[in-house]
Amino acid sequence: MLGVHIQVAVQWQKAPGGDRAAYAADVSHRTNTTKGVPIMTARPYDAVLCDVDGVLRHWPAPGPTDLDHVHGLPAGTIAAAAFAPSRLQPAITGEVTDEQWRSAVTTDLADVCGSIDRARSVVTAWSELMPRVDQEVVSLLTRVREVATVALVSNATTRLESDLARQGLNNLADAVVNTSRIGIAKPDPRVCLIAAERVGASVHRCLFIDDTTANVIAAREVGMTALHYRQIEDLQDALSALLATATPHAQGQ
């Protein structure tokens with residue numbers, strides 16, 4: 001059976017991108033029947049490691065209704081202050097708390113806003129925004145947990161866990177790897193290694209999903225199968241072989 005696992009995993013990685021769905025169906029058929037006799041389906045992965053923002057959740061694109069426009073600020077003002085490397089990196093590696101990060105952003109915005117009070121109002125409104133949750137991704141990950149372990153792996157501040165709870169996502173995964181809790185951020189490959197350790201899986205038995213190229217490359221460098229997420233069909237294709245290993249009972253839930 002180990003040989004079947006390895007063969008399926010290797011062949012899956014080599015499958016042409018445009019034929020992934022057909023390939024998954026073929027793998028499911030070939031591993032479920034031998035001369036008409038059902039056999040155990042090979043599971044291609046033991047764990048799925050999924051990014052949060054950009055895959056599971058999506059922030060609105062800049063436009064006429066965004067906070068810069070509403071508060072009369074030049075386009076991109078809030079993002080430039082909040083996501084400047086000197087501000088963001090300490091926040092997503094836990095050098096500062098989420099509260100300290102937002103306080104520093106408020107100070108940085110004081111001049112452009114005209115006063116610290118106005119800057120505080122802008123940052124408060126910005127902090128109350130929540131991204132849209134992709135329910136199709138939620139459904140897929142829920143199904144995956146019937147057959148494999150799921151971890152959310154995110155470059156995030158110390159507010160991530162409370163935000164997930166606020167959006168009803170705190171029980172979606174078996175583990176949450178928040179970079180502000182471990183002191184390093186993607187694309188540092190150690191994040192991938194820590195995530196695999198958290199879910200008790202070999203790196204070669206993990207599927208890593210992220211919308212950022214550098215993070216995908218880092219996962220592949222440590223030996224993981226990695227999907228560069230662009231659209232829901234990408235995830236559906238990548239998970240089809242794994243979901244095909246679910247029992248009829250699990251598939252019907």
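The values are calculated or read from the model by the stated rules, or taken from the named source; none is laboratory data. Computed from a prediction, not measured in an experiment: that's the story for all the values here. Positions of Cβ are backbone-derived with ideal geometry, glycine not excepted, and every protein chain shown enters the neighbour counts. Areas reflect the complete protein model, heavy atoms only, side chains present, ligands, DNA and RNA absent. Shrake-Rupley method; radii C 1.70, N 1.55, O 1.52, S 1.80 Å.
At-a-glance table
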quantity	calculated
Phi-based couplings in Hz for segment 89-97 (Karplus 6.51, -1.76, 1.60; Gly and Pro marked x)	4, x, 6, 8, 10, x, 5, 10, 7
Estimated FRET transfer efficiency (D117, T97; beta-carbon r; R0 25 Å; 0.05)	0.65
Unit charges on C-beta of K, R, D, E only; dipole of segment 97-253, Debye	260
Accessible surface ranking that places the most exposed of I182, I217 first, with a 1.4 angstrom probe	I217, I182
Computed accessible area, T213, all protein chains, 1.4 angstrom probe, square angstrom	70
Label-point separation in nm, W59 to Q236, each point 7 Å along Cα→Cβ	2.8
Carbon and sulfur %, accessible surface of segment 155-252 computed with the full protein complex present, 1.4 Å	48
Sites matching GluC sites (Glu not before Pro) across segment 101-191 that sit in DSSP coil, with at most 13 neighbouring C-beta atoms within 10 Å	E128
